[in-house]
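See below for the structure under consideration.
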Amino acid sequence: MKVLYTLLALLLTFAASAQQNPQYSQYIFNSMVINPAYTGSKNVLNLNAFHRSQWVGLEGAPTTQSLALDGIVASNRLGLGLQLTRDQIGAQTNTAAYANAAVKLPVSAAGVLSLGIALGAVQNTFDGAKLGITNDPSIPSGKEVNLKTDVKIGMYFHNDRFYAGVSASDLIQYKDMQQVEPERHYFFTAGYVFDVSSFVKFKPSILVKEDFHAPANLDVNGFVLLGDKLWLGGSYRTSVNVFNKNPEEPDVRKRTAAALIAELQVSKALRVGYSFDQMLNDMNGVNTHEVSVGYYFFKKKDTKMMTPQYF
């Protein structure tokens, strides 16, 4: 129990000064989790399920589950989607549901600009009974439940080989002193697919997460695609001072991790992915596992993938 209490204090301290949204390593294969404008970009009905066990072995460590469904309608001009997430850290659980919509605007022969919005509800539950602490009046003895609405917006451009997107989450702010209120978060992503040979392609990409109150989170990713079937690669995650000049952050690069990631297109409809995250700081003995399963629902007239899903 002491471990759980210490971990909770660590997480609450971290939440007050850094990113508070659920962490994903495989957003690279389904960016709807960070940008609503991505909704419908695969041009088929797409189901994606996801589970992440973070810092395995630590009592009360974060776990996250997500289920997302999106597709395209109105002559490929409108993407619609639904996303459900559950994120638990010790005694605190966040459950969220979002409805996404993205308008697709052709801007060149191969380029599409998407403008997206996600409207959602987030339920925050804190169960003080899980801590087993009875002599601290500041900690609830039972469950406390808070419900709020949320809005995300985004813009996303892509063609056959390049993509870039910007998005923002937690746009509706509540000043409720009973819980840690997430800061507004801003995301920038970009990537490109290069031909190495007829069998091998290479895709570098980046993700920047910024809230303007703490050091920005930076992901640098690199993947190879073998035979349009198997993605193999990794991600390096660190923190950098961009807009934040907090003197209390003398070594922001201590918040670093590396991930090994693979995704296999088992059939034209089914894909599976796995990532293994290793902390590169004082928690380097603690690992994270993440599993995803995706399924494309094709129309009867479709006999094969229209194009490889590069992003």
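The values are calculated or read from the model by the stated rules, or taken from the named source; none is laboratory data. On a predicted model such as this, the values are computed, not experimentally measured, just so you know. Here Cβ is always computed from backbone atoms with ideal geometry, including for glycine, and neighbour counts include all displayed protein chains.
At-a-glance table
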quantity: Subset of region 154-181 (residues that are touching an Asp or Glu at 6+ places or on another chain (Cβ under 9 Å), of a type outside the set (D, E, K, R) and modelled with pLDDT of 85 or more); calculated: S169, L171, I172
quantity: Within region 200-214, tally of residues that are at pLDDT 95 or above and over 19 Å from the mean Cα position of the chain (by Cα); calculated: 3
quantity: Index of the failed condition, L113 passing every other in (1) under 23 Å from K209 (Cβ atoms); (2) at pLDDT 95 or above; (3) touching a Gly at 6+ places or on another chain (Cβ under 8 Å); (4) not basic (K, R); calculated: (3)
quantity: Residues (outside any loop (DSSP other than H, G, I, E, B), modelled with pLDDT of 90 or more and more than 9 Å from the chain's Cα centre (by Cα)) located in region 21-50; calculated: P36, A37, Y38, L45, N46, L47, N48, A49, F50
quantity: Residue list for region 57-74, restricted to those being within 18 Å of the chain's Cα centre (by Cα) and modelled with pLDDT under 90; calculated: A61
quantity: Residue among N284, N221, N217, N244 that is at pLDDT below 80 and buried (at least 17 other Cβ atoms within 10 Å of the Cβ); calculated: N244
quantity: Any pair with Cβ under 6 angstrom, 6 or more apart, that starts in region 75-98 at a residue that is modelled with pLDDT of 95 or more and ends at one that is part of a loop (DSSP other than H, G, I, E, B) and surrounded by 21 or more Cβ atoms within 10 Å (Cβ to Cβ); calculated: G79/T39; G79/G40; G81/T39
